[in-house]
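Data first, discussion second: the structure below is written as C-alpha cells.
Read-outs: derived from the displayed coordinates by stated rules, not from any lab. This one's a predicted model, so the numbers in the text were calculated from it and none came from an experiment. When we count neighbours, we look across all protein chains shown, and the Cβ atoms used for this are built from the backbone with ideal geometry, even at glycine.
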Number of protein chains: 2
Amino acid sequence: MFSIGDLSRRTGVKVPTIRYYEQMGLVAAPERSEGNQRRYSRQELERLAFIRHARDLGFAVDDIRSLIDLSGHPEQPCGHADKIAEEQLISVREKIAQLKRLEAELERIATCCNGQTVGDCYVIRALSDHALCADEHG
Amino acid sequence: MFSIGDLSRRTGVKVPTIRYYEQMGLVAAPERSEGNQRRYSRQELERLAFIRHARDLGFAVDDIRSLIDLSGHPEQPCGHADKIAEEQLISVREKIAQLKRLEAELERIATCCNGQTVGDCYVIRALSDHALCADEHG
DNA sequence: TATAATTGCTCTAGTCACTAGAGCTTCAAG
DNA sequence: CTTGAAGCTCTAGTGACTAGAGCAATTATA
C-alpha cells in the first residue's frame, strides 16, 4: 500500500495533481486509512504511470480517458487507440512546423538589432510592421 | 474612426479578445460614440496589430506589455527588447526539441501496432510500460 | 421614414490542466 | 509522547481567452 506521497515520488506526478485526477475521474478513488488518508495498490500506481506517460507525450486528458477505457476491453479491436495516437502524431508535427516558422522569424528579429536605442531597434520595428516579415506566420 | 468590428477584421483579433485586452490594460480604453460604442483611431489599430503580431510569435502578454512600454521610450537603449526576443527564441527552440522527441516516440507507437485487438495493441502497451520507450522524454 | 438585420454593450461563467494557500488532522520517527 | 512532515478539504487563482444571456445602438434595405 502506497501513500499519495509515495505514488507521487514513484510516478513524478505531483500530489495535488493526483487528487485533481481523482476529482476528474481519471483515477478511481482509492481505499482510505483509518485516519482518512489515501492508500493505493500497485495497480493504481501503474495506472498513474500510464497517465503520466501519456501526458508527457502530449495526449489530452480526454484522450487518456479513452485510452484507459480501451485498455479495459482487451478483446476489442484496437483501431480507436491507433487513431488517437495517429492524430496526436499529426498534431505534434503541425506544432513543430509552426514553431519552426516562428524560429526563423525570431532569428531574424533577434539577431538583426544593431541600433543603439529603442527608436531604431529591429525587434520593435519588426513587431510594429508585419511587412518586415520574410514570410507569413501565425 | 473604427468600430471594434472594423478593428477585428483589420487585425484578425476577435472582438471579445479586443475587449479582454482592454480589460488587461494591454490596449487603452478608446473614445466612445454617443451610444457608448468603442471608436478607435489609426494609432490604436497599429498597436493592436503589434500585439497580434507578437502573440503570433508566441510572446506572453507580459512580454508584450514590456515591449509596448519600451516602444514608448524610443530614446532608451534597446537591450531589453533584444533580451525579450532572444529569450523567446530560446524557448521556441526548446519546445521544438521537446516536440521532436515526442514525434519520434509517437511514430514508434503509432506505426508499430499490428495486433488486432486492444489486448496486444502497441499503443496501449507502450503507454503502460515506459520501458518500451527507446529513450527518455518528458 | 420605418423596420429589420447586424453589430455592439456589460456581465457572468466556462475552458484546460493544473497550482497555491488556508486551516486543520494524521502519521512515523526518535 | 512529542514533534515535524505529510495528509486532508475547500476555495480561489493561473493564462489567454471563449461562450452565452439579455439588452442597446447602428446600418441597410424597403
Sorted shortest first, the nm distances from the B:G72 label point (7 Å along Cα→Cβ) to its counterparts in the other copies are 5.5
Could you run the Debye sum over the Cα atoms of segment A:1-76, one equal point scatterer each and no solvent, and tell me log10 of I(q)/I(0) at q = 0.18, 0.19, 0.23, 0.25 Å⁻¹, two decimals? -0.70, -0.78, -1.09, -1.25
Placing the label point 7 Å from Cα along the Cα-to-Cβ direction, what are the distances from A:R39 to the equivalent spots in the other copies, shortest first, in nm to one decimal? 7.3
Label 7 Å beyond Cα on the Cβ vector: B:R9 copy-to-copy distances, nm: 6.3
In the P(r) worked out for segment A:55-100, what percent of Cα pairs fall beyond 16 Å? 43
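Order by neighbour count: A:C121, A:C78, fewest other Cβ atoms within 10 Å first, most last.
Ranked by crowding around the Cβ, least crowded first: A:C78, A:C121.
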Greater than 27 Å apart at Cα, pairs in B:K14/B:K83; B:K14/B:K100; A:K100/B:K83: B:K14/B:K83; B:K14/B:K100
Full-extension gain in nm, B:R93 to B:E75, via 0.36 nm per residue minus C-alpha separation: 3.4 nm
For the residues B:T117, A:T17, A:T11, what sequence is obtained by ranking on other C-beta atoms within 10 Å, fewest first? B:T117, A:T17, A:T11
